[in-house]
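Any read-out appearing in this document is the output of simple, stated calculations on the displayed coordinates, not a laboratory observation. What you see is a predicted model, and the numbers here were worked out from it, not measured in a lab. Positions of Cβ are backbone-derived with ideal geometry, glycine not excepted, and every protein chain shown enters the neighbour counts.
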Amino acid sequence: MSKEVLYGLYNDEEDLLHAVHAAHDAHLDIMDVYTPFPVHGLDDAMGLDESRLHIGGFIFGALGLLTAFLGMTWIFTADWPVIYGGKPYWSVPAFIPITFELTVLFAGIGMTVTFYIICGMGPGVINKTLDDRITDDKFCIAFDTHDFEETGLDKIKEFFSSTGASEVNIKTL
Amino acid sequence: MNREFVFTGRERTFCFVLMGIGVLSMVLCFFGDDELQTRFWSNFLHNSVFFTGIAFMALFLYSAFITGWSGWHIVFKRVWEGIYLFLPVGLILMLIIAAGLWLDFHHLYEWNDTSALNPDKLHDQIILGKTGFLNKFWFTGGTILFVGIWYFIATRLRGLSVAEDNEERDPNFSKHRKMRIWAAAILPIGGFTSAFLIWQWVMSVDSAWYSTMFAWYAAASWLVSMLCLTAIFTAYLKGRGYLEQVSHEHLHDMGKYIFAFSIFWTYLWFSQFMLIWYANVGEETIYFRERMDSYPILFWANLAVNFALPFLVLMRNSTKRKYGSLLFIASVVFIGHWMDFFLMIKPGVRKTAEHLTHAAGDAHHGAASFMSGFTIPGFIDIGTMLGFLGLFIFVVFSNMSRASLYPANDPYLAESIHHHV
């Protein structure tokens, strides 16, 4: 389904933050905000919930921990027991470094992959961008025009001009 | 604006009550002790080392932050200044231990009772081979010299920091530049000398044993305890209406430091344990054999309290940003690291005492029998700890009341006030 997006570009993150607050106060429903780098306080201003990515990280980490620990337990006690240096088959201290490594590995890779899936990114995927400059030096607030069929787009255009947007464009994605 | 800290009568009374409990515990301990006063002096050493180390670590981290261009800690830097100015008291406490080496009023260190060492016994031979370093001259000289240097640099830093408050804003930040020089100096000096003192003060209670990880491990324990106390003191001052610029953002970063250095401590603990376990050399494994057999509760509780608890609780964002959860963890972990030092010092001292009182007997076999104050901390040991804590709080609060809690002209103050994680 294609979307018609009306967006305004700002030159400065301070202007952007003020504009997001102003939009919130005017009850304008922002579709999304795009910035070239993380802007402090933007999450709060947009009223976003805390990311749940770290819960995924914990689960992936726990999975890595269990994989390593149970895997080594099975290998060294049931599958192929070998005595190393007179230690018991089930030598927990020797398992801990590998358990640690796999915990980090699973959490790291798992979170990266999850993040890519959530964002719809991946190798070979070309995402449509509103404007190339939002990956460089422009800060963008985007509105979905479908949300404003009743009130009309003038209200948003007025909002952009009053908050100091340097450019206002419309684009169909 | 509530910037001048007032050390109120109620707080003084609280400190004196704690110190009273400490004195009472120490008196009870002294007169109910064995002929070598083992429990009394091991408690004295344990708490002196613990609180002196905390003071040193405040100085070390403070200097590391200055050297690393850090800004976020400025709003509560006067708390650290208060803590590191405990150093002269720590020096006196450690000099009492040093005096005991000369006057023989305690027998904490097997290497000091050279007359009881038998050159025909392998265990004693090892200790005699170390007496070039483990002797009362090095112990006393090192303590005076190194803690003296720490204190000297601490006074320079504190002096410059307070002087900055009272002058007109200096566009060249000349005082801050001087502080950077002293701070950069204490980092290598403190890094090496603290290891030296940990070997002398703590590791040498197990005179025949050594570990190259030990100095780092004990220092990490000091560092985590210091961070916990910082969080507790800061929250207390905040509750009394001071430090109004300290926000949840600063609390969050303190929580991160407690979290991170708890993991760092565990890393060192485990590295020391695993290398010794893997190599399986008898003269090295004896340290853990002793602790796992005779002190199993403390040994495993140590890991649970100092690693598992802060790791699982402080992992979440929200627990680091709330006073309740952070203070709970800080208090428990502080006690946990006190127990960690208990476990470093008590078994060695106890073995030394047994060695001296049964000089003719062989090394004991199997698990040592239960003994309150050694196997687990008893009321007397906890009381002694409260006494030292009272003294510590008294010194820290007195120092904080001598200067404004608000470092008005620090170049990083604005950055710290607007800190956002």
Exercise. With contacts defined as alpha carbon pairs under 8 Å and 6 or more residues apart, what's the relative contact order of chain B in percent?
Worked result: 35
For this session: Report, in whole Å, the centroid distance computed from the Cα atoms of region B:192-225 and region B:154-169.
Result: 33
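Per DSSP helix of 4 or more residues, -39500 (n - 2.57); summed, then divided by the residues of chain B. What does that give at 222 nm, rounded to the nearest 500?
On the way: 17 runs with 291 residues, N = 421.
The helix contribution divided over chain B gives -23000 deg cm²/dmol.
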For this session: Return a whole-number percent for the relative contact order of region A:53-119, with Cα pairs under 8 Å and 6 or more residues apart as the contact set.
Result: 55
For this session: Largest first and to the nearest Å, give the Cα extent of region B:172-262 along each principal axis.
Result: 52, 34, 21
Exercise. A:Val125 to A:Ile170: extension gain in nm, 0.36 nm per residue of separation minus the Cα-Cα distance?
Worked result: 13.8 nm
Problem set entry | Protection proxy ranking of A:76-87, B:158-169, B:390-401 - average other beta-carbon atoms within 10 Å, highest first | B:390-401, B:158-169, A:76-87
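B:Leu59: net charge of surrounding residues, Cβ under 15 Å, Lys/Arg +1, Asp/Glu -1, itself excluded?
Details: positive: B:Lys77, B:Arg78, B:Arg156, B:Arg158, B:Arg180; negative: B:Glu81.
Here the count lands on +4.
Arranged by the count of other C-beta atoms within 10 angstrom, fewest first, what order do A:Ile126, A:Ile141, B:Ile263, B:Ile181 take?
A:Ile126, B:Ile181, B:Ile263, A:Ile141
Quick one: grab the alpha carbon gyration tensor of region A:53-119, order the square roots of its eigenvalues as a ≥ b ≥ c, and give me rounded if a/c is under 1.5, else prolate or oblate depending on whether a/b is larger than b/c. Can you show the working numbers first?
Numbers: a/c = 3.99, a/b = 3.15, b/c = 1.27.
Prolate is the answer for region A:53-119, as a/c is 1.5 or above and a/b outweighs b/c.
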Exercise. According to a simple spin-label model (label point 7 Å from Cα along Cα-to-Cβ), what is the distance in nm between B:Asn118 and B:Glu168?
Worked result: 7.8
Exercise. Relative to the first principal axis of the alpha-carbon coordinates of chain B, what is the inclination of helix B:323-357, with its axis defined by its Cα atoms, in degrees from 0 to 90 and to the nearest 10?
Worked result: 30
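For B:Ile258, what charge total do you get from the other residues with a beta carbon under 15 Å from its beta carbon, if Lys and Arg give +1 and Asp and Glu give -1? Don't skip to the end; give the middle numbers.
Details: positive: B:Lys256, B:Arg316, B:Lys320, B:Arg321, B:Lys322; negative: B:Asp253, B:Asp340.
Cβ neighbours under 15 Å give a net charge of +3.
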Exercise. Tell me, what ³J(HN,Hα) does each residue in region B:285-292 have, in order and in whole Hz, if you take phi through Karplus 6.51 cos²θ - 1.76 cosθ + 1.60 with θ = phi - 60° and put x for Gly and Pro?
Worked result: 5, 4, 4, 7, 3, 4, 6, 6
Exercise. Counting partner chain Cβ atoms within 10 Å of every residue's Cβ in B:274-280, what's the average?
Worked result: 3
Seminar exercise, completed: As straight-line cross-link partners of A:Lys138, the qualifying lysines (C-alpha separation under 17 Å, not fewer than 8 residues apart within one chain) are A:Lys128, A:Lys171
Exercise. Which of the GluC sites (Glu not before Pro) found in region A:1-106 are loop residues per DSSP with 12 or fewer other Cβ atoms within 10 Å of their Cβ?
Worked result: A:Glu50
For this session: Measure out, as a whole number of angstrom, how far apart the alpha-carbon centroids of region A:124-151 and region B:323-346 sit.
Result: 51
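For each pair in B:Lys77/B:Lys238; B:Lys256/B:Lys346; B:Lys130/B:Lys351; B:Lys238/B:Lys322, compute the distance between the two Cα atoms and list the pairs where it is over 20 Å.
From the list (B:Lys77/B:Lys238; B:Lys256/B:Lys346; B:Lys130/B:Lys351; B:Lys238/B:Lys322), the Cα-Cα distance tops 20 Å for B:Lys256/B:Lys346.
Can you give the mean number of other chain Cβ atoms that lie within 10 Å of the Cβ atoms in peptide A:85-97? Please report the intermediate quantities before stating the final value.
Details: counts 3, 1, 3, 0, 0, 0, 2, 1, 7, 3, 0, 3, 3.
Mean partner shielding for this stretch: 2.
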Seminar exercise, completed: Residues B:Trp69, B:Trp216, B:Trp80 in order from fewest to most other beta-carbon atoms within 10 Å are B:Trp69, B:Trp216, B:Trp80
Exercise. Helix A:53-74 versus the longest principal axis of chain A: what is the Cα-based angle in degrees, 0 to 90, to the nearest 10?
Worked result: 10
